[in-house]
Every structure is written in structure tokens, then in C-alpha cells.
Amino acid sequence: MEQKYCQSCGMPLTESSLFGTNKDLTVNDEYCIYCFKDGAFTQDLTMDEMILHCAQFVEEFNRDSEQKMTKEEAIAQMKMYFPQLKRWINN
């Protein structure tokens, strides 16, 4: 199965329990539970605000990854990656 990523924050969607929900409470496999619930985004943020929000979790990411990065490195990578995500592609 192809690896899916949240189209808002880029989080790997490694199991169905991480999928968001549509308005009718069906599963939405494009967004994670933290970004999309009941058919709406959970936070009204700009892409740059989302990047800063996600940067708070760099230490948690580093714990589970072989690749360690600083907060600044993570922000730089997200600034290149996020414009490709569905939520931000037209911004």
C-alpha cells in the first residue's frame, strides 16, 4: 500500500485511526485527525502558521526517526514540502 500523508500537516498516515472524518463521519484519508474533523479543518491557519505549529513537534519526530534535525532545519524542509500539499497548493 502506498504511504499516505496528511495533506495539511504532512504527518504520515500509518494507520486508519489517524484519518480525519468527513461531515457525515465517514473516514477522510487525505487529512489526519488533528487537522480535519467532521468535514472541517480544526484550525484556521495560514501555511506559515501551520509550519510553525508543526515545528513544535520536531523533538517528538526526532525520537522516532533515524534522521535528527534542528527546528530550523525542519522549518526549512516544511517550507519546501508544504506548498505541494492539497490544502496549500493553491495558496
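Residue pairs, Cβ under 7 Å, 6 or more apart or interchain, first in segment 18-46 and within 12 Å of Ser8 (Cβ to Cβ) and of a type in the set (A, V, I, L, M), second modelled with pLDDT of 95 or more and in a strand (DSSP E or B). List them.
Final answer for the pair search is Ile33/Phe19; Ile33/Gly20.
I'm trying to understand the selection: among the residues of segment 59-81, which are over 15 Å from Pro12 (Cβ atoms) and in contact with a helix residue (DSSP H, G or I) (Cβ under 6 Å, 6 or more places away or on another chain)?
The answer is Lys68, Lys71, Ile75.
Looking at (1) more than 16 Å from Lys86 (Cα to Cα); (2) touching a strand residue (DSSP E or B) at 6+ places or on another chain (Cβ under 6 Å); (3) among the hydrophobic types (A, V, I, L, M, F, W, C), which is the one condition that is false for Ala55?
(2)
Scanning segment 53-68 for residues that are in contact (Cβ under 8 Å) with a residue 12 or more places away in the chain and more than 12 Å from the chain's Cα centre (by Cα), which turns out least open to solvent (accessible area, probe 1.4 Å)?
Val58
Can you pull out the residues in segment 42-52 that are farther than 24 Å from Ser17 by Cβ, touching a helix residue (DSSP H, G or I) at 6+ places or on another chain (Cβ under 9 Å) and open to solvent by 40 Å² or more (accessible area, probe 1.4 Å)?
Of everything in segment 42-52, those that are farther than 24 Å from Ser17 by Cβ, touching a helix residue (DSSP H, G or I) at 6+ places or on another chain (Cβ under 9 Å) and open to solvent by 40 Å² or more (accessible area, probe 1.4 Å) turn out to be Met47, Asp48, Leu52.
Filter segment 18-41 down to residues that are open to solvent by 70 Å² or more (accessible area, probe 1.4 Å) and over 22 Å from Ala74 (Cα atoms) and give me whichever is farthest from the chain's Cα centre (by Cα).
Looking at residues that are open to solvent by 70 Å² or more (accessible area, probe 1.4 Å) and over 22 Å from Ala74 (Cα atoms), I get Asp24.
Can you tell me which residue in segment 69-80 is most open to solvent (accessible area, probe 1.4 Å), limited to those that are at pLDDT 95 or above and of a type in the set (A, V, I, L, M, F, W, C)?
If we take residues in segment 69-80 being at pLDDT 95 or above and of a type in the set (A, V, I, L, M, F, W, C), then Met80 is most open to solvent (accessible area, probe 1.4 Å).
The values are calculated or read from the model by the stated rules, or taken from the named source; none is laboratory data. These figures come from a predicted structure and were not determined experimentally. When we count neighbours, we look across all protein chains shown, and the Cβ atoms used for this are built from the backbone with ideal geometry, even at glycine. Ligands, DNA and RNA are excluded from the accessible area calculation, which covers all protein heavy atoms including side chains. Shrake-Rupley method; radii C 1.70, N 1.55, O 1.52, S 1.80 Å.
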